[in-house]
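I have placed the structure first, in the form of C-alpha cells, so that the comments after it can refer back to it.
The values are calculated or read from the model by the stated rules, or taken from the named source; none is laboratory data. Fair warning: this is a prediction, and the values are worked out from it, not measured in the lab. Cβ sites come from the backbone with ideal geometry, for glycine too, and all protein chains shown count toward neighbours.
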Amino acid sequence: MSTFKSTALFAVRRRAVSTVERATFVCFSIGAHRLAGPVELIDRVLRPSTDTPGVSFEGRELPYADLASPLGLALGGGAVGLRRVLVAHVNDTWWALPVDAVHDVVSVDASEVLPLPAGHPDAHRVGAIATFTRGGSTVLVLDLVRLLR
C-alpha cells in the first residue's frame, strides 16, 4: 500500500473514533447548596484562620469576593476555621471565595452538564448556568467569570 493510501486510511479511521469531551469542576457547598466552578479558574483551597477582609496567597493579599449574596444564599453559621476559601482568578485578578466546604474535583462527560432550564428552581440565581448529577445530588454549575466581574 502506498504511503498516501495508508495515511488517508488512518485519517478516516481517526475521524470515525468519537471523542468524549470532559468538563472538570471543583465541587463545593454554600449552606446546603452543592455548587461547582470550572477547575481552570480555581487554583487552591485554603483554610482561613480569621475573618479578616483578605487572604494572603503567594505574596499577594487577595480580597474576599462574596459568592453567596448574588446567588441568594448564605454561608453556614459555622466557625471560620471550619470554612474553606477557594483561590480563584479571572484574567489577572485574584480572589478569595469563602465557601462552607469543598468536596472534590470531578470530571464529567460534557453531555451530562445540562443548561439550566427556565423553569428550574435555581434559574433565578445570578451566574447559575447549568447542572449535573453527582452522587445522587444535583450540582449547580456557576459562571465564575460573570459572578466575579
In the range 108-149, the residues that are in contact (Cβ under 8 Å) with a residue 40 or more places away in the chain, closer than 19 Å to residue 29 by Cβ and not in a loop (DSSP other than H, G, I, E, B): 108, 128, 132, 134, 137, 138, 139, 140, 141, 142, 144, 147
Single match in 71, 97, 114 (criterion: of a type outside the set (Val, Ile, Thr), in contact with a Leu (Cβ under 7 Å, 6 or more places away or on another chain) and surrounded by 12 or more Cβ atoms within 10 Å (Cβ to Cβ)): 97
Qualifying residue in the range 36-52 (condition: among the β-branched types (Val, Ile, Thr), at pLDDT 85 or above and in a strand (DSSP E or B)): yes
